[in-house]
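Report on one structure; see the data block that follows.
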């Protein structure tokens, strides 16, 4: 494969990991949402580039969906929600940003150490894509557990989805799953935003998940 | 549609899909409840035909000896639950807990859930199966939150977060499986088809398969409710409508376990990959022990039976992890009987919590006096689920413990002790619930007993005399599982 093509793919996938880190240290809601839009933009560029070098035109559709829905529509919707709910204040974290970043670095190291030897036979492109994709996935998980706010947890989950899309496009010639998984990520996002946030808002006047914990069953 | 088998496979999928749309559109609540039952009945009948008329394996759908057992069980419990749901929901409407709009949503979601589970069981494509399980998860999340009380929202949110993380891990595993297959099978749909994957598995790269199975076990294991990943399960069971608790316990956990079994057979076919058994044995055993102790000190009746489901899925996972014809046979039968028993228990519990107006166990007393039919139904169900002879679950638990004893005595001792602990907890609770002076509401229950009786009769018959044809069938399937 063309050296340049590979380098660009590598750059974009690496960039995605970098943006995942940026998501981790955001302390304001607006910044977090903007960063997520950047995350989605990078993933859509990466997928489009894969479509180009793999000669797989159907991947352009995936890229377009990622761009339109995740980089534009969902961030706009989230901004509206944030303004309406008045929650653009500081994000509450469970552990400090510093520790979270350190844990994130550990997770990236782990995923590279695990993935590189195992995928050695699968070709350079796949190898690197999968290592980065696993990093994004683990960073997304880390974000979900280190934040208390419902919106940040949803964003963490959507960044996991982005990592999965990167992995699916990296696996050369994978059929149908790309389209379907994208359709599902839209569905998830809609359900989450539409149903949960508004219901949670309606009941508690807050989207801080911490408020929910006092309603756990059994604590009678 | 020249092949009759194709027709019936199509029916199993299309009936729920169409009726979901129809039920969402119809406003009359009495009619929709009946239509829901009718659709579930037709699906069940179409599924039974698959025993005899099997279509050729397609690129997307497959009917084989393993999944036909699951699909018939799943559609049967789906049907009986829809009967129970009819009377349960009528009460919820009367008491104003649900409005007609929510009811339409509920019925549409019920059929969508059936569609998702049937599709997951019938799919011949790892990607399609993943999508189907995700669909089923999302519908149950919405149903768990349907009462919109703070506790229900908390449960739905927890379920959503854990379930989607599990689903994400499973997708990553699925991608890795494709990656392992595509260098051998070639690119395209074939590299995701079950029948091709199992046949060509010996040539796959073992290191990739190992990693893939780890992700798949953790991902789908979350949905099975295996112990470090179980946190969503008791809440989701306690806070959703009871028919959904019945379907969750009886069916959705099985579907997830079925996915794990499919991937396990790919692992076992590859000589270089690590043996998947020990992992499943340890997760299973951990679940049994943990759930057995958690059964004590429960206050919410549905939550307690949620923990009991964790225990039983642990037993089944343990049995499949042990492997071998006998353990597989016992695991398969245990899973079937657990589905029947647990869903019937939830039917009783649903009516009980409606007549008593609470799920809080200390407030429910003397059921056999105030509501003899419900009370004795619960007594029978708990006796069966705790593994008392002569019920079927006693036989399967006995089989699992004895075959384990022959191979790994230490594990058998742990398992046996955990089963005894769980047994004690259940009987202790049952004593308070069923006997003594009655407490709480005494209004007669407008219950539908047919589903409860049907399930318990099957469980009892299975324990006393399993028909030879059925026995031979289960043994045959157990032999196929590797």
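The values are calculated or read from the model by the stated rules, or taken from the named source; none is laboratory data. Computed from a predicted model, the values in this text were never measured in an experiment. Note that each Cβ is placed from the backbone with ideal geometry, even for glycine, and that neighbours are counted across all protein chains shown.
Among the residues of the range B:384-395, those that are crowded, with 19+ Cβ neighbours inside 10 Å and closer than 16 Å to residue B:422 by Cα comprise B:384, B:385, B:386, B:387, B:393. Filtering A:7, A:27 for residues that are touching a strand residue (DSSP E or B) at 6+ places or on another chain (Cβ under 6 Å) and farther than 20 Å from residue A:165 by Cβ leaves a single hit, A:27. Would you check if there is a residue in the range A:94-114 being within 13 Å of another protein chain (Cβ to nearest Cβ), modelled with pLDDT under 90 and buried (at least 20 other Cβ atoms within 10 Å of the Cβ)? Looking through the range A:94-114, none of the residues is within 13 Å of another protein chain (Cβ to nearest Cβ), modelled with pLDDT under 90 and buried (at least 20 other Cβ atoms within 10 Å of the Cβ). Selection of the range B:435-454 for residues being under 14 Å from residue B:351 (Cβ atoms), touching a helix residue (DSSP H, G or I) at 6+ places or on another chain (Cβ under 7 Å) and part of a helix (DSSP H, G or I) yields B:450, B:451, B:452. Just give me the residues in the range B:437-452 being farther than 13 Å from residue B:342 by Cα and at pLDDT 80 or above, in sequence order. Result: B:437, B:438, B:449, B:450.
Considering the conditions (1) touching a helix residue (DSSP H, G or I) at 6+ places or on another chain (Cβ under 9 Å); (2) exposed (fewer than 15 other Cβ atoms within 10 Å of the Cβ); (3) part of a helix (DSSP H, G or I), residue B:431 is excluded by exactly one of them, (1).
For every residue, the table says whether it meets (1) at pLDDT below 85; (2) more than 10 Å from chain B (Cβ to nearest Cβ); (3) within 19 Å of the chain's Cα centre (by Cα); (4) buried (at least 20 other Cβ atoms within 10 Å of the Cβ).
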{"position": "A:118", "(1), (2), (3), (4)": "yes, no, no, yes"}
{"position": "A:151", "(1), (2), (3), (4)": "yes, yes, yes, yes"}
{"position": "A:154", "(1), (2), (3), (4)": "yes, no, yes, yes"}
{"position": "A:164", "(1), (2), (3), (4)": "no, no, yes, yes"}
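Of the numbered criteria (1) farther than 19 Å from residue B:21 by Cβ; (2) modelled with pLDDT of 85 or more; (3) outside any loop (DSSP other than H, G, I, E, B), the one residue B:63 fails is (3). The single residue among B:398, B:449 that is touching a residue at least 40 places away in the same chain (Cβ under 8 Å) and within 24 Å of the chain's Cα centre (by Cα) turns out to be B:449. Just the residues that are within 14 Å of the chain's Cα centre (by Cα) and within 14 Å of chain A (Cβ to nearest Cβ), please, taken from the range B:235-247. Answer for the range B:235-247, where residues must be within 14 Å of the chain's Cα centre (by Cα) and within 14 Å of chain A (Cβ to nearest Cβ): B:236, B:237, B:245.
Against the test of being touching a residue at least 12 places away in the same chain (Cβ under 8 Å) and crowded, with 24+ Cβ neighbours inside 10 Å, the options B:118, B:124 yield a single qualifying residue, B:118.
If you go through the range B:80-127 and keep only what is touching a strand residue (DSSP E or B) at 6+ places or on another chain (Cβ under 9 Å) and in a helix (DSSP H, G or I), you end up with B:119, B:122, B:126. Which residue, of B:68, B:83, is in contact with a helix residue (DSSP H, G or I) (Cβ under 6 Å, 6 or more places away or on another chain) and crowded, with 17+ Cβ neighbours inside 10 Å? Of the residues listed, the single one that is in contact with a helix residue (DSSP H, G or I) (Cβ under 6 Å, 6 or more places away or on another chain) and crowded, with 17+ Cβ neighbours inside 10 Å is B:83. In the set B:268, B:282, B:308, B:287, only one residue is surrounded by fewer than 18 Cβ atoms within 10 Å (Cβ to Cβ) and in contact (Cβ under 8 Å) with a residue 60 or more places away in the chain; that residue is B:268.
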